[in-house]
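Visitor: One structure, as structure tokens, below. Some questions next.
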Amino acid sequence: MAVKLFYEEKGLFLQNLHPLAAMVFLGTLLVLALAFTNPLYLAGILFVIVLTVWGADGLAVWENYLKIGLAMMLLVMMINPLVVHAGKTIIWHGPDIPFLGRPTISLEAIYYGIAMSVRLLDIISVFCLYNLIIHPDKALNLLSRLAQKSALVISLATRLFPAMARNIEHIKDVQRMRGVDFNRGTLKTKLRKYSSLFNILLLSSLEDALGIAESMQARAFGSGPRSCYSQNFWRPRDALCLAGSALALLAGVWGLTHGHGGYTFYPQLGYLIDGPGTVAVLLTVLLSLSIPVALNWGWRHCLFLKSKI
């Protein structure tokens, strides 16, 4: 199950984007999700993210993130109305509690908790999309031009957890073939079984570390200028996606500076749509961010478009 949370090469359009274009696109989604407070904008960004996840054949993977996100969303929506009493529209007065006073729940606090929960789901989904479409080596290859050794350390660290997740599944399969049942026995017995499992994982990790060191030495790492085994070519699709991200970011900044994209929760709820400018900025941002999704659809169903981009 844990292996599904990491990058898996599928040869998809979104995975073949230049890492710079893909990272700018994801960065734009993340920045706008953090900058906007209007629930319509946050829901629209979530809709674009879900469409992109669907284009990357990642709905099954996104479900795992969704389970975590929904649990955190429920927690936020439950705690925020209990601790924040700034709203004017009181919908419930609780009994007097010694040393705590009389708790109240306002409509504004509930609404704020829902909006921030959607923002949280946006952020979680962006990281899910990152794991779906960006190969870690390609992303770190960009950083290695600035800091070669630091990028190597990050690359090894990002490989550590998925590699350990795969190894522990393989070790458990081998142990099961030898008759070890990890679901039977007392708690002490289960702990003993899992402790031997992690001992084997530690030994295999040390062996893998020696293998990596020998491989680096065989490739003469650090002995001269850095070489690159493969290159990422810049294509028209990358320029279109980068232009869409830039347009969405500019529209978002313009909207925020002109009073669109924000929302007033306290002391009283504001209007979701405050004039035609709110709708215009929202449509501009969403349509610009949807360019990768539209190109992905054309790449799959239109041979002419596929040959041009």
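Visitor: Do the conditions hold for Val61, that is, is it over 28 Å from Gln231 (Cα atoms), in contact (Cβ under 8 Å) with a residue 24 or more places away in the chain and over 12 Å from the mean Cα position of the chain (by Cα)?
Guide: Against the criterion (over 28 Å from Gln231 (Cα atoms), in contact (Cβ under 8 Å) with a residue 24 or more places away in the chain and over 12 Å from the mean Cα position of the chain (by Cα)), Val61 does not qualify.
Visitor: If I filter the stretch 262-269 for residues that are polar (S, T, N, Q), closer than 30 Å to Ile114 by Cβ and surrounded by fewer than 17 Cβ atoms within 10 Å (Cβ to Cβ), do I get at least one hit?
Guide: yes
Visitor: Moving on. Residues being modelled with pLDDT under 75 and surrounded by fewer than 12 Cβ atoms within 10 Å (Cβ to Cβ): count how many of those fall in the stretch 91-116.
Guide: Summing the residues that are modelled with pLDDT under 75 and surrounded by fewer than 12 Cβ atoms within 10 Å (Cβ to Cβ) in the stretch 91-116 gives 9.
Visitor: While we're looking at this one, here's another question. Which pairs have Cβ atoms under 9 Å, sit 6 or more apart or on different chains, and link a residue in the stretch 180-204 that is without any contact (Cβ under 8 Å) to a residue 24 or more places away in the chain to one that is outside any helix (DSSP H, G or I) and aliphatic (A, V, I, L, M)?
Guide: From the stretch 180-204, the pairs are Lys193/Val180; Ser196/Val180.
Visitor: Given the conditions (1) in a helix (DSSP H, G or I); (2) within 24 Å of the chain's Cα centre (by Cα), which single one is not true for Asn232?
Guide: Status for Asn232: all satisfied but (1).
Visitor: Residues of the stretch 282-299 being part of a helix (DSSP H, G or I) and either of a type in the set (Ser, Thr, Tyr) or in contact with a strand residue (DSSP E or B) (Cβ under 6 Å, 6 or more places away or on another chain) (or both), which ones?
Guide: Thr284, Ser288
Visitor: Same structure again: Pro95 - would you say it is assigned by TED's automatic domain parsing to the domain that holds Tyr263 and not in a helix (DSSP H, G or I)?
Guide: Spelling it out, Pro95 is indeed assigned by TED's automatic domain parsing to the domain that holds Tyr263 and not in a helix (DSSP H, G or I).
Visitor: Return the only residue of Ala220, Ala243 being without any contact (Cβ under 8 Å) to a residue 60 or more places away in the chain, surrounded by fewer than 14 Cβ atoms within 10 Å (Cβ to Cβ) and either part of a helix (DSSP H, G or I) or among the acidic types (Asp, Glu) (or both).
Guide: After applying the criteria, what remains is Ala243.
Visitor: Surrounded by fewer than 13 Cβ atoms within 10 Å (Cβ to Cβ) and within 30 Å of Leu156 (Cβ to Cβ): which single residue out of Asn199, Asn183 fits that description?
Guide: When all the criteria are applied, what remains is Asn199.
Visitor: Any chance you could count how many residues in the stretch 282-291 are without any contact (Cβ under 8 Å) to a residue 40 or more places away in the chain and either crowded, with 17+ Cβ neighbours inside 10 Å or in contact with a Cys (Cβ under 9 Å, 6 or more places away or on another chain) (or both)?
Guide: 1
Matching residues to (1) surrounded by 13 or more Cβ atoms within 10 Å (Cβ to Cβ); (2) within 25 Å of Thr278 (Cβ to Cβ); (3) of a type in the set (A, V, I, L, M):
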residue: Tyr41; (1), (2), (3): yes, yes, no
residue: Val48; (1), (2), (3): yes, yes, yes
residue: Leu51; (1), (2), (3): yes, yes, yes
residue: Leu75; (1), (2), (3): yes, no, yes
residue: Ile79; (1), (2), (3): no, no, yes
residue: Leu82; (1), (2), (3): yes, no, yes
residue: Thr89; (1), (2), (3): yes, yes, no
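Visitor: Please state which of the following conditions Leu249 fails to meet, knowing it meets all the rest: (1) in contact (Cβ under 8 Å) with a residue 40 or more places away in the chain; (2) assigned to a loop (DSSP other than H, G, I, E, B).
Guide: Of (1) in contact (Cβ under 8 Å) with a residue 40 or more places away in the chain; (2) assigned to a loop (DSSP other than H, G, I, E, B), only one is false for Leu249: (2).
Visitor: Quick check on the stretch 269-276. Is at least one of its residues assigned to a helix (DSSP H, G or I), touching a helix residue (DSSP H, G or I) at 6+ places or on another chain (Cβ under 8 Å) and of a type outside the set (A, V, I, L, M, F, W, C)?
Guide: Among the residues of the stretch 269-276, not one is assigned to a helix (DSSP H, G or I), touching a helix residue (DSSP H, G or I) at 6+ places or on another chain (Cβ under 8 Å) and of a type outside the set (A, V, I, L, M, F, W, C), which makes the answer no.
The values are calculated or read from the model by the stated rules, or taken from the named source; none is laboratory data. Keep in mind that what you see is a predicted model, and the values were worked out from it rather than measured. Please note: Cβ atoms are built from the backbone with ideal geometry, for glycine as well, and neighbour counts cover all protein chains shown.
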